[in-house]
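The values are calculated or read from the model by the stated rules, or taken from the named source; none is laboratory data. Given the structure is predicted, the values throughout are model-derived calculations rather than measurements. For neighbour counting, all protein chains shown are included, and Cβ atoms are generated from backbone atoms with ideal geometry for every residue, glycine included. Quick note on the areas: whole protein, heavy atoms, side chains included, nothing else; ligands and nucleic acids left out. Shrake-Rupley method; radii C 1.70, N 1.55, O 1.52, S 1.80 Å.
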Amino acid sequence: DGRLTFYPGNQTVDLPFINFMKRHGTVFLNAYTNSPICCPSRAAMWSGLFTHLTESWNNFKGLDPDYVTWMDLMERHGYHTQKYGKLDYTSGHHSVSNRVEAWTRDVDFLLRQEGRPMVNLTGDRKHVRVMEADWQNTDKAVNWIKEEAINFTEPFVLYLGLNLPHPYPSPYAGENFGSSTFLTSPYWLEKVTYEAIKIPKWSSLSEMHPVDYYSSYTKNCTGEFTEQEVRNIRAFYYAMCAETDAMLGEIISALRDTGLLKRTVVVFTADHGELAMEHRQFYKMSMYEGSSHVPLLVMGPGVKEQQQIPNVVSLVDIYPTMLDIARIPVPQNLSGYSLIPLLRGKAENEASPRGPRPSWVLSEFHGCNVNSSTYMLRMGKWKYITYSDGRSVLPQLFDLSADPDELTNVAMKFPVVVHSLDKTLHSVVNYPKVSSSVQEYNKRQFISWKQSLGQNYSNVIANLRWHQDWLKEPKKYEDAIDKWL
């Protein structure tokens, strides 16, 4: 969650290396994901294109494996390149459940797709390496810097993708089957200031926006939660962020130890945030700040120190920025704009050859746990969220300066603002048309998946993540699917 990288969010947890980057570089106060879920977000970041252009509609559908990323271009221009850890921007990954839930989101049923979120404390006060796979990838990156990068005569670009602070899936059976677990050790939990944790306000279930209700239900968050449960989920999440920060620290230390830090640009960001029980939800897949607002910090030669940038930016800006750093000509068809003028502390009018950066950012979502294509435009103090064709579901408008927790939808109160933002959104994407093509895509994909199973369809679908709900009335849900088809 990007809000943890600046005041007041950063009072909840100690993030020494994020703070180091702020002292020696620039922090963006309003950076957003272009799609709040792993694969579509990463597809946008690696391609520099909005989601409706990559057609990365869900976690199963990303870029083609041979897509030319900014790193590929840097390699062609003489850079040594290396990637470690989570990439997740090409098609074909993630579970069958994840796909089928995304394809069937227009079916008229409510099924819990997740186990109830929970926390788990492991190890003791000396247990530092909780997410072992991430630590191993960090070790590889550190060794690469110390053994390879230090000897290069040409420049290098290194990418390290971490899973943390993603909740852990819990594969065991029983009551909490499929639940997502916020897991940490006492070592990290001690870095969290419990008193500073804000308990989010929730609307009553009957007052929730219909799409929010669907999300909350499918994420198994409509039951009762005690204040202590919510506080714990948030605390454990912050502790997982502290562990992530320590891995960033390993990279910064390796660069410092090799004398490379002063001549290396370091970028820290994320594919999406974590709601951590805000709006009665955990996970992502939402346009609320906890899910869509990402961290973005940059330090290195030419980057202004101790700078906080209020301009809205998004992950598609990474592509042109990386090419700009490498002095490689930037393709004209990109959705993003280079961040270099901002990072150098220059005025916006000294902008790219493509003209000035727009005053808005776009995020969109078409995947699971949400029963409608969703589009978000952030511009100035306003956040405008519209769904599907723009008419069948009520839009939302939040004034983030007066209502940073996004509790009051003022769309009815400011029709002129809604009209103006909707017009801007339409100029960027014909969203009713995109929504309709996603609906067709979902149906096509589902039908071909169903046909590929032969006679086994009912058996397979009944045992996906929603099996506990499905098995109570399988006929009812099969009929709902038939009706949808």
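Pick out, from region 321-427, the strands (runs of 3 or more DSSP E) lying fully within it that include 3 or more residues that are over 30 Å from R112 (Cβ atoms).
Hits in region 321-427: 360-365, 374-379.
Mind telling me which of the residues V128, V119 ends up being in contact (Cβ under 8 Å) with a residue 60 or more places away in the chain, of a type in the set (A, V, I, L, M), part of a loop (DSSP other than H, G, I, E, B) and under 30 Å from M277 (Cβ atoms)?
Checking each option against the conditions leaves just V128.
What do you reckon, is L121 farther than 30 Å from G259 by Cβ, crowded, with 18+ Cβ neighbours inside 10 Å, over 21 Å from the mean Cα position of the chain (by Cα) and not assigned by the TED database to the domain that holds Y477? Talk me through it step by step, then tell me what you get.
Working: farther than 30 Å from G259 by Cβ: yes; crowded, with 18+ Cβ neighbours inside 10 Å: no; over 21 Å from the mean Cα position of the chain (by Cα): yes; not assigned by the TED database to the domain that holds Y477: yes.
Spelling it out, it is not the case that L121 is farther than 30 Å from G259 by Cβ, crowded, with 18+ Cβ neighbours inside 10 Å, over 21 Å from the mean Cα position of the chain (by Cα) and not assigned by the TED database to the domain that holds Y477.
Of everything in region 428-443, what is open to solvent by 10 Å² or more (accessible area, probe 1.4 Å) and not in a helix (DSSP H, G or I)? Give them in sequence order.
If the condition is that a residue be open to solvent by 10 Å² or more (accessible area, probe 1.4 Å) and not in a helix (DSSP H, G or I), then N430 is the only one that fits.
If Y457 meets every condition in (1) under 24 Å from K61 (Cβ atoms); (2) open to solvent by 40 Å² or more (accessible area, probe 1.4 Å); (3) hydroxyl-bearing (S, T, Y) apart from one, which number is that one?
(2)
For region 41-68, which residues satisfy the criterion of being in a loop (DSSP other than H, G, I, E, B), without any contact (Cβ under 8 Å) to a residue 60 or more places away in the chain and open to solvent by less than 10 Å² (accessible area, probe 1.4 Å)?
Answer for region 41-68, where residues must be in a loop (DSSP other than H, G, I, E, B), without any contact (Cβ under 8 Å) to a residue 60 or more places away in the chain and open to solvent by less than 10 Å² (accessible area, probe 1.4 Å): S56, G62.
Can you tell me which residues in region 20-34 are closer than 20 Å to N311 by Cα and not β-branched (V, I, T)? Break it down into steps so the answer makes sense when it comes.
Initially, region 20-34 is screened for residues closer than 20 Å to N311 by Cα, giving 21-34.
Of everything in region 20-34, those that are closer than 20 Å to N311 by Cα and not β-branched (V, I, T) turn out to be M21, K22, R23, H24, G25, F28, L29, N30, A31, Y32, N34.
Which residue, of R3, R23, is under 20 Å from R344 (Cβ atoms), open to solvent by 10 Å² or more (accessible area, probe 1.4 Å) and not β-branched (V, I, T)? I'd like the intermediate steps shown before the answer.
Working: R3 fails: under 20 Å from R344 (Cβ atoms).
R23 is the lone residue from the list that is under 20 Å from R344 (Cβ atoms), open to solvent by 10 Å² or more (accessible area, probe 1.4 Å) and not β-branched (V, I, T).
So is Y238 open to solvent by 10 Å² or more (accessible area, probe 1.4 Å), at positive phi, under 18 Å from the mean Cα position of the chain (by Cα) and among the aromatic types (F, W, Y) or not?
No.
How about region 293-315: which of its residues are surrounded by 19 or more Cβ atoms within 10 Å (Cβ to Cβ) and within 24 Å of F156 (Cβ to Cβ)? Can you show your working first?
The first filter runs over region 293-315 and keeps only residues surrounded by 19 or more Cβ atoms within 10 Å (Cβ to Cβ), leaving 293-300, 303, 309, 312-315.
Of everything in region 293-315, those that are surrounded by 19 or more Cβ atoms within 10 Å (Cβ to Cβ) and within 24 Å of F156 (Cβ to Cβ) turn out to be P295, L296, L297, V298, M299, G300, V303, L315.
Run down V107, V96 and say which single residue is in the same structural domain as S56 (by the TED database) and modelled with pLDDT under 95.
V96
Restricting to region 262-285, give me the number of residues that are under 18 Å from K201 (Cβ atoms) and aromatic (F, W, Y).
Total meeting the criteria: 1.
Evaluate the following for V294: is it within 24 Å of E114 (Cα to Cα) and either at pLDDT below 95 or β-branched (V, I, T) (or both)?
Spelling it out, V294 is indeed within 24 Å of E114 (Cα to Cα) and either at pLDDT below 95 or β-branched (V, I, T) (or both).
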